[in-house]
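Q: Handing you a structure now.
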Amino acid sequence: MELEEAPKQNYSEKEKGEIFNQEFLPHIHSMYNFGYRLTLDRDDAKDLVQDTYLKAYRFIESFQKGTNAKAWLFRILKNSFINDYRKKSKEPAKVDYQEVETYYNSEEVDRQITPDLRVESLKDMIGDEISNALNSLDVDFKTVIILCDLEGFKYEEMAKILDIPIGTVRSRLHRARNLLKEKLSEYAKSMGYNKA
Amino acid sequence: MNNPMNPFAKPDQQKPTCMEMLQTILDGQATEEQKQYFKVHMDHCMPCYKSYDLDMSLKQLVQSKCCGGAAPTDLVEKIKQQILQKSS
């Protein structure tokens, strides 16, 4: 469960309460937004966040006080979503990441997959389009955008949260952003921004 | 082929791709030396030049439009109650 390999801590009940209130709870809004983006349902997001915090408390001795609580919590939430929530719901089609990542690490990629989207048309989008486009991405792709662009995690932290190498973080992020651009590009065309 | 002066070069001296350089810049993970190198690189790399503005705008839009607001007000209380129940 731990993010870093750290020896088990031995906290008093008072210390546990302090860690929980001062280091875990301040992240509740980010956690709820992450939960909502993953489940796309406010009640499910509440359950997922609640479950995450209960697990965090149960395993609090695996957490070293003063370290990266936010990354630790995000990792627990992501694992809870995969292990508990996603199993209950219908399993989505798997993407062959090895294939995707080999391709996206090739030098051809930047030329081939640049959707026809312009800064001007992006700026005319009012918000729902961006949010809906993000929500519509496959879970693994939207996750990297949320972690990087919304929550500001570094590649190294993302690699630990997601249990993947840094190179994979980079290529998945690149792929995710291109998919997001494709979605927005379709919307921009429908608004009449398809002219060069 | 390899440019030993490229500050984005990997430990194995493999040449970094444009995508890798652009991402490092966009995601705020570049060193000062890498930023300077990329500035010069953009002057003669049209794909990077074009992608930079678009990708930066998209990143900023995602940040401003997808925050999702606050968690429900009763959520913290519910969590605290559950912990109390389980530890009693």
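The values are calculated or read from the model by the stated rules, or taken from the named source; none is laboratory data. Everything numeric here is computed off the predicted structure, so don't read it as measured data. Neighbour counts are summed over all protein chains in view; Cβ atoms, including those assigned to glycine, are modelled from backbone coordinates with ideal geometry.
Q: Is at least one residue of region B:31-39 touching a His at 6+ places or on another chain (Cβ under 6 Å), surrounded by 11 or more Cβ atoms within 10 Å (Cβ to Cβ) and either free of Cβ contacts under 8 Å to residues at least 60 places away in the same chain or facing another protein chain (nearest Cβ under 10 Å) (or both)?
A: Scanning region B:31-39, I find no residue that is touching a His at 6+ places or on another chain (Cβ under 6 Å), surrounded by 11 or more Cβ atoms within 10 Å (Cβ to Cβ) and either free of Cβ contacts under 8 Å to residues at least 60 places away in the same chain or facing another protein chain (nearest Cβ under 10 Å) (or both), so the answer is no.
Q: Inspect region A:9-18 for any residue being in contact (Cβ under 8 Å) with a residue 24 or more places away in the chain and closer than 21 Å to residue B:74 by Cα and give the result as yes or no. Full working, then the answer.
A: To start, the set of residues in region A:9-18 that are in contact (Cβ under 8 Å) with a residue 24 or more places away in the chain comprises A:9-11, A:15-16.
Within this subset, residues satisfying the condition of being closer than 21 Å to residue B:74 by Cα are none.
No.
Q: List the helices (runs of 4 or more DSSP H) inside region A:1-69, counting only whole elements, that have at least 1 residues being closer than 18 Å to residue A:84 by Cα.
A: A:28-39, A:42-58
Q: With respect to the numbered conditions (1) at pLDDT 95 or above; (2) more than 17 Å from residue A:147 (Cβ to Cβ); (3) aliphatic (A, V, I, L, M), which one is the sole condition not fulfilled by residue A:1?
A: Against the list (1) at pLDDT 95 or above; (2) more than 17 Å from residue A:147 (Cβ to Cβ); (3) aliphatic (A, V, I, L, M), residue A:1 comes up short only on (1).
To keep it simple, each residue is scored yes or no on (1) at pLDDT below 95; (2) outside the structural domain of residue A:42 (by TED's automatic domain parsing); (3) under 20 Å from residue A:68 (Cβ atoms).
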residue	(1), (2), (3)
A:129	yes, yes, no
A:135	yes, yes, no
A:142	no, yes, no
A:154	no, yes, yes
A:166	yes, yes, yes
A:175	yes, yes, no
A:186	yes, yes, no
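Q: Any residue at all in region B:51-72 that's of a type outside the set (A, V, I, L, M, F, W, C), more than 9 Å from chain A (Cβ to nearest Cβ), surrounded by 14 or more Cβ atoms within 10 Å (Cβ to Cβ) and outside any loop (DSSP other than H, G, I, E, B)?
A: For region B:51-72, residues of a type outside the set (A, V, I, L, M, F, W, C), more than 9 Å from chain A (Cβ to nearest Cβ), surrounded by 14 or more Cβ atoms within 10 Å (Cβ to Cβ) and outside any loop (DSSP other than H, G, I, E, B): present.
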